[in-house]
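Taking it in order: structure first as structure tokens, then the write-up.
No lab work stands behind these numbers, since they all come straight from the coordinates. Computed from a predicted model, the values in this text were never measured in an experiment. A quick note on method: Cβ atoms are made from the backbone with ideal geometry, for glycine too, and the neighbour counts reach across all protein chains shown.
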Amino acid sequence: MINSTLEKILDRALMGYDLSSEQGLVLLQQSDASSIAAIRVTADKLRQRQAGDTVTYVINRNINFTNICEQHCSFCAFRRDEGDEDAYWLDWTAILEKTQDAVKRSATEICMQGGLNPAAQINGKSLSYYLKLVKTIKQEYPHLHLHAFSPQEVQFIARIDGLSYTEVIAALRDAGVGSMPGTAAEVLDDEVRRVLCPEKIDTATWLEIVTTAHKLGLHTTSTMLSGHIENPEQQIQHLEKLRSLQQTAINQEYPARITEFILLPFVGQEAPKPLRRRVGRDQPVLENALLLTAVARIFLGNWIPNHQPSWVKLGLPGAIEALNWGCNDIGGTLMEEHITTMAGAIGGTCMEVETLQNAIASLGRPYQQRDTLYQKIGTS
């Protein structure tokens, strides 16, 4: 038996209304099994209504082109300093080889992000290096969708070269970038960011860069790094900022918007020790991630209909379970994934298409290949 306050909130969501931040917080603060079950059922109903029963996936490849980074985020086990034994920086040949392998495996998307390497310049210009990264791939494989460079990378290029965000994003778009990963968001709360990523862009800058991308016709994704030092109020405020961002893009009729929301539960096994000690665990708590997944669907679904779990962070069984808690997409094949794996994630670095299809089918739901922007590819 659930309490009347919760029942009214869930009924309101099922009637199609947006929840307030206060109502969203009530959902996140539930702890008894019957209340959480009611939230799950509501999220699943809204998923069916907003996105359908078909579970989508994308055939893509990650290329993390360097792990050399000037910043020191407290959760990151990926970054290295130049000269470290396991520091790397891919050359153009290696990038093309990885891309060619992805094409052979039917990839439609290359997702490209890397560390903030101050030496990554051509003729003293950071933007010139990033443009060559794009053109190296697009000249050989013009049909591939390039999902590349987070808001943090955009700010890095702009700062190094003394350019505006508009100039950087427009140049990347014109060179062939098709969409922007909504990573580096972590939690959009500056109190949290001062602990997690004090050298990263602040909340306002992240929102400004994503809004600029939408104005310039580049779709973005959206993410949240959860399950570390943030509290439920900060989680809801993060979702509220994403919803407001999407509402602005739609209401202002910008040519692009947020295509999906991805929850990224914190993996601490190999994270720097201070944060790992503070969090007190190595792997995500599945129950917490599932509740937040369901609340995100209820809170965002009217505006951002596509929701995706992270099989890298949760493992494939956890990601399958998330499909019952509001998710309608299981993500991509990735082919290689370094950032989360180096943090100690258990999900692996690559997922075969058949494995994803079988995982979806195990729930009795149909599957469908999609492209980066959620257009269907082939037959289901």
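Computed quantities for the displayed model
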{"quantity": "Ellipticity estimate at 222 nm from DSSP helix runs (n ≥ 4, -39,500 (n - 2.57)) divided over the chain, nearest 500", "calculated": "-14000 deg cm²/dmol"}
{"quantity": "Hz values of 3J(HN,Hα) by residue in segment 111-117 - Karplus curve (6.51, -1.76, 1.60), Gly and Pro given as x", "calculated": "9, 10, 9, x, x, 8, 9"}
{"quantity": "Under the Debye formula (equal points on every Cα, no solvent term), log10 I(q)/I(0) of the chain at q = 0.07, 0.08, 0.11 Å⁻¹", "calculated": "-0.29, -0.38, -0.74"}
{"quantity": "Partner lysines for K8 [C-alpha distance under 30 Å; skip if fewer than 8 residues away on the same chain]", "calculated": "K45, K241"}
{"quantity": "DSSP beta bridge pairing in segment 52-370, given as percent antiparallel to the nearest 5", "calculated": "5 percent"}
{"quantity": "Segment 220-233 - phi-based ³J(HN,Hα) in whole Hz, Karplus 6.51/-1.76/1.60, Gly and Pro as x", "calculated": "10, 9, 9, 9, 9, 8, 10, x, 10, 10, 6, 10, x, 4"}
{"quantity": "Positive-end extreme of charge dipole, the chain - chosen from C197, Q369, N67 (charges on Cβ)", "calculated": "Q369"}
{"quantity": "Interchain or long-range residues, amide H under 5 Å from G332's placed H", "calculated": "V58"}
{"quantity": "Other-chain or far-sequence residues with amide H under 5 Å of E260's (modelled H)", "calculated": "S222"}
{"quantity": "Cut-off 14 Å between beta-carbons: net charge of the residues surrounding Y141, Lys and Arg +1, Asp and Glu -1", "calculated": "+2"}
{"quantity": "Residue-by-residue Karplus 3J(HN,Hα) for segment 48-63, coefficients 6.51, -1.76, 1.60, Hz, glycine and proline x", "calculated": "4, 6, 8, 10, x, 8, 5, 9, 9, 8, 10, 8, 9, 9, 7, 10"}
{"quantity": "Loop-located GluC sites (Glu not before Pro) in segment 175-207, at most 14 other Cβ atoms within 10 Å (DSSP)", "calculated": "E199"}
{"quantity": "Residues T223, T205 arranged by fewest to most Cβ contacts within 10 Å", "calculated": "T205, T223"}
{"quantity": "Qualifying aspartates and glutamates (Cα of each under 16 Å from Cα of K125; at least 8 residues distant if same chain)", "calculated": "E153, D161, E167"}
{"quantity": "Proxy reagent accessibility, fewest Cβ within 10 Å first, across T42, T56", "calculated": "T42, T56"}
{"quantity": "F65, F266 arranged by Cβ crowding within 10 Å, fewest neighbours leading", "calculated": "F65, F266"}
{"quantity": "The chain: relative contact order in percent, alpha carbon pairs under 8 Å with at least 6 residues between", "calculated": "22 percent"}
{"quantity": "Around R159: net Lys/Arg minus Asp/Glu count, Cβ-Cβ under 13 Å", "calculated": "-3"}
